[in-house]
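Student: I have a structure I would like to understand better, so I am pasting it below and will then ask my questions one at a time.
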Amino acid sequence: LGTIEIRDLAVSDETGRSYLVEDAWDTERTIEEKAGRCGLVHKGDGDYEICWGIGSYGRHRFTTSYTLTNFVKGLTDANAFNHQFVADGMSSPPQHVRVVIERMADGDSAQVAFTQRNTGVWAFGFEGDIHVEADGRIVAETRMPLTAERSVIVMARFDSDLFEPTD
């Protein structure tokens, strides 16, 4: 992740239950011990996994949200990011993924929404769609279940005046 930090992690399931956020995720616990909990696993060299306990086997729907700081990088002609939200190689890949990227308020500065004019978006690693919605959100969504070989990668380019990245 380099200078990117993951903050404000939240996970809930299809029942609306909010999961307890732990400071250190213990991968060695049983499925029962992980139930209703979430956290980060530091895999070394700036590599992290967001983890949560499924509670029980079978079909579930999870909603995760978090803030990524220093996410948008400054380039010479624009600002951009290229990020893998769902990795390949999962033993139980998701059947459906929807990534929604919302712009956070920049303190007291005026907020300019993402539009099709000031934002370019691309997606890789899956069959699906990506677009900028009228409300200013970037949405990438799978059309087919992921396989172990698939991932969810989103890339976006922004006009230079939308952000003032430090990286």
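Student: How about the stretch 1-74: which chymotrypsin sites (Phe, Trp or Tyr not before Pro) there lie in a loop by DSSP and see at most 12 other Cβ atoms within 10 Å?
Tutor: When the chymotrypsin sites (Phe, Trp or Tyr not before Pro) of the stretch 1-74 are filtered for loop state and at most 12 Cβ neighbours within 10 Å, Y57 remain.
Student: Another question about this same structure. Given Cα pairs under 8 Å that are at least 6 residues apart, what percent is the relative contact order of the chain?
Tutor: Across the chain, relative contact order equals 23 percent.
Student: Could I get the Rg over Rh figure for the chain? Both from C-alpha atoms, Rh via Kirkwood, rounded to two places.
Tutor: Rg divided by Rh gives 0.97.
Student: How much length, in nm to one decimal, is gained on full extension between R17 and D45, taken as 0.36 nm per residue of separation minus their Cα-Cα distance?
Tutor: That pair, R17 and D45, stretches by 6.8 nm at full extension.
Student: Then there's this: If amide H atoms are built 1.01 Å from N in the plane of the peptide, which residues on other chains or at least 5 residues away come under 5 Å of the amide H of A35?
Tutor: Hits under the 5 Å cutoff: G55.
Student: Give, to the nearest whole percent, the P(r) tail of the stretch 7-71 beyond 20 angstrom, counting all Cα pairs.
Tutor: 27 percent
Student: Distance between Cα centroids, the stretch 147-163 to the stretch 38-56: provide it in whole Å.
Tutor: When both Cα centres are located, 21 Å separates them.
Student: Once phi is turned into ³J(HN,Hα) by the Karplus curve 6.51 cos²θ - 1.76 cosθ + 1.60 with θ = phi - 60°, what whole-Hz value does each residue of the stretch 24-32 show in order, with x for glycine and proline?
Tutor: 9, 8, 9, 6, 7, 6, 6, 4, 5
Student: What GluC sites (Glu not before Pro) does the stretch 8-83 have in DSSP loop regions with at most 13 other beta carbons within 10 Å?
Tutor: E14, E28
Student: May I pose another question? Just to confirm the filter: which trypsin sites (Lys or Arg not before Pro) across the stretch 58-90 are DSSP coil and have at most 16 other Cβ within 10 angstrom of their Cβ?
Tutor: For trypsin sites (Lys or Arg not before Pro) across the stretch 58-90 that sit outside H, G, I, E and B with at most 16 neighbouring Cβ atoms in 10 Å, the list reads R59, R61.
Values quoted throughout were computed directly from the atomic coordinates according to the rules given, and no laboratory measurement underlies them. None of the values given here were measured: they were computed from a predicted structure. For neighbour counting, all protein chains shown are included, and Cβ atoms are generated from backbone atoms with ideal geometry for every residue, glycine included.
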